[in-house]
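Worksheet: the structure to be examined is printed underneath.
The values are calculated or read from the model by the stated rules, or taken from the named source; none is laboratory data. On a predicted model such as this, the values are computed, not experimentally measured, just so you know. Cβ placement follows ideal geometry from the backbone for every residue including glycine, while neighbour counts extend to all protein chains displayed. Remember, those area values only see protein heavy atoms, side chains included, never the ligands or the DNA or RNA. Shrake-Rupley method; radii C 1.70, N 1.55, O 1.52, S 1.80 Å.
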Amino acid sequence: GGTASISRFRGALVGAVLGDCLGGEFEGAEEVPMDRVLQHLNGLDHDTRGDSILQYSDDTAMTRCVVQSLLTRGEFDQQDMAHRFAEEYRQAPGRGYGSGVVQVLRKLSSPRLSDVFQPARAQFGGRGSFGNGGAMRAVPFALAFRNLADVKRYARLGAMLTHSCSLGYNGAVLQTLAVHYALQGALAVPQAFINRLISEMEGVEGDDQARNDARALNEPEFPFCARLHKVKDLMEQNAVSIEEVISELGNGIAALHSVPTAIFCVLHCLEPRAGLPEQYGGLERTVAYCLALGGDTDTIACMAGAIAGAHYGADAIPPSWQRCCEGAEEAEAWAHRLHLLYHQPPQGG
Ligand code: F2R
Ligand code: MG
Ligand code: MG
């Protein structure tokens, strides 16, 4: 489809859900041979009865809350979104949440709470979380808002409900920007795509809070920009090993060690690669490659799946994968409604 077409919206949301469900199998694994990944993925083709539904985790559970809040309110409403996170956690606490964030989710359910950003600020001795929990649920912000300033502003605020460290919420901004540009077809020119992300993130990471957080965590200034430059270096190399990707970019639970990695996976898999089946399309290659990294596979595949889905569109999603993943059908319906919201004329102008 054309830029910001319904097909790209469906691809982005279903891609995110698929990455979460398919990646759950290997989350936390140190080494994942590609043979095992392909066995896992190809097994889905043969499951014609559909009796082995792969469940979604916190990544999709929280994304659903973001979608439902944006669709119900028609705008970003921090109280409503916070309430939905808390209620989702209360009803289904076993979706594999991070060990720190559950304290925030419990506090957010208190009727006496007046500032919904306060529990996140109290995390980790007041330093806030740098986990990737804000980034893993960020895709709806790219699908609800068209205007670049709104995309950045609401992605940041949406993440700050649980992640007050800039290395957490700026990861969410980066992930949202990647989906925003992919929706517009920007991945057709990969070098321009990565340059645009770097230039946007130079603005995002230029404030005092980001500088102070980076210093406190012994990271260089502009930490996400530094990682995106590494992505660029890896893109220019002829051959890149999995070990190199992990050592240069990471595969962990921190946003800094997973959002740039997810972006690299999408860029690397734009072309056929040795070790990946020839019959695989780009979205299938991306998901398989993310799983073979090990580490935080559900979240890296969820974020890369959203970006790749926004690029390739819904036709790139194998029906057998979609049938096996909990929440994938529902994501189709959200995509249609978010597409309407995105293309709605601005109010009051
Ligand atoms: N939690 C997981 N997977 C591991 C266990 C799964 C399940 N419980 C099981 O038993 O199998 N996956 C999910 O968590 C990630 C998103 O986490 P989020 O929402 O960012 O959580 P949190 O707790 O805020 O941060 C995660 C961890 O990062 C470390 N951390 C963060 N900020 C820190 C800081 N300022 N100082 C020190 N450490 C910090 C902590 O270890 C946090 O617990 C996704 O992968 C999702 O899939
Ligand atoms: Mg998860
Ligand atoms: Mg995870």
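Here PRO220 fulfils each of the conditions (1) on the phi > 0 side of the Ramachandran plot; (2) open to solvent by 40 Å² or more (accessible area, probe 1.4 Å); (3) more than 16 Å from ligand 1 (Cβ to nearest atom) apart from (1). When segment 91-119 is filtered for residues that are part of a helix (DSSP H, G or I) and farther than 22 Å from ASP298 by Cβ, the ones remaining, listed by number, are ARG106, LYS107, GLN118, PRO119. Within segment 154-184, the set of residues being without any contact (Cβ under 8 Å) to a residue 60 or more places away in the chain, open to solvent by 20 Å² or more (accessible area, probe 1.4 Å) and away from ligand 1 (no atom under 13 Å from the Cβ) comprises just one member, ARG156. Of all residues in segment 292-332, those that are in a helix (DSSP H, G or I) and under 14 Å from VAL266 (Cβ atoms) total 14.
Residues that are free of Cβ contacts under 8 Å to residues at least 12 places away in the same chain and among the aliphatic types (A, V, I, L, M) were ranked within segment 218-240; the one that is nearest to ILE263 (Cα to Cα) is ALA226. Restricting attention to segment 201-240 and to residues that are small (Gly, Ala, Ser) and part of a helix (DSSP H, G or I), the residue that is farthest from LYS152 (Cα to Cα) turns out to be ALA216. Contact map, segment 94-111: residues that are open to solvent by 40 Å² or more (accessible area, probe 1.4 Å) paired with residues that are within 14 Å of ligand 3 (Cβ to nearest atom) and part of a loop (DSSP other than H, G, I, E, B), Cβ distance under 7 Å, separation 6+ or inter-chain. Pairs shown: ARG95/SER57; GLY96/SER57. Restricting segment 137-153 to residues that are open to solvent by 10 Å² or more (accessible area, probe 1.4 Å) and not in a helix (DSSP H, G or I) leaves a set whose member that is nearest to ligand 3 (Cβ to nearest atom) is PHE145.
Does GLU284 satisfy the criteria of being within 16 Å of ligand 1 (Cβ to nearest atom) and among the charged types (D, E, K, R)? Here the answer is no, as GLU284 does not meet what is asked. Checking each residue in segment 32-65 for being surrounded by 13 or more Cβ atoms within 10 Å (Cβ to Cβ), part of a loop (DSSP other than H, G, I, E, B) and acidic (Asp, Glu) picks out only ASP47. ARG36 falls short on exactly one of the conditions (1) modelled with pLDDT of 95 or more; (2) under 23 Å from GLY313 (Cα atoms), and that condition is (2). Residues in segment 118-136 that are more than 16 Å from ligand 2 (Cβ to nearest atom), surrounded by 17 or more Cβ atoms within 10 Å (Cβ to Cβ) and within 18 Å of ASP77 (Cβ to Cβ): PRO119, ALA120.
If you check SER129 against the conditions, is it within 15 Å of ligand 1 (Cβ to nearest atom), under 21 Å from GLY250 (Cα atoms) and without any contact (Cβ under 8 Å) to a residue 12 or more places away in the chain? No.
Could you list all residues from segment 66-80 that are crowded, with 22+ Cβ neighbours inside 10 Å and either of a type in the set (Lys, Arg) or under 21 Å from ARG121 (Cα atoms) (or both)? Scanning segment 66-80 gives a single hit, VAL66. Taken over segment 255-270, the criterion of being open to solvent by 10 Å² or more (accessible area, probe 1.4 Å) and either assigned to a helix (DSSP H, G or I) or small (Gly, Ala, Ser) (or both) is satisfied by HIS257, LEU267, HIS268. Within the option set SER99, SER109, SER69, being among the polar types (S, T, N, Q), over 17 Å from the mean Cα position of the chain (by Cα) and within 24 Å of GLY23 (Cβ to Cβ) holds for one residue only, SER99.
Looking across ARG273, ARG211, ARG285, ARG215, one residue alone is without any contact (Cβ under 8 Å) to a residue 60 or more places away in the chain and crowded, with 17+ Cβ neighbours inside 10 Å. It is ARG285. Select from segment 167-183 the residues that are hydroxyl-bearing (Ser, Thr, Tyr) and in contact with a Gly (Cβ under 8 Å, 6 or more places away or on another chain) and list them in ascending order. The answer is TYR169, and nothing else.
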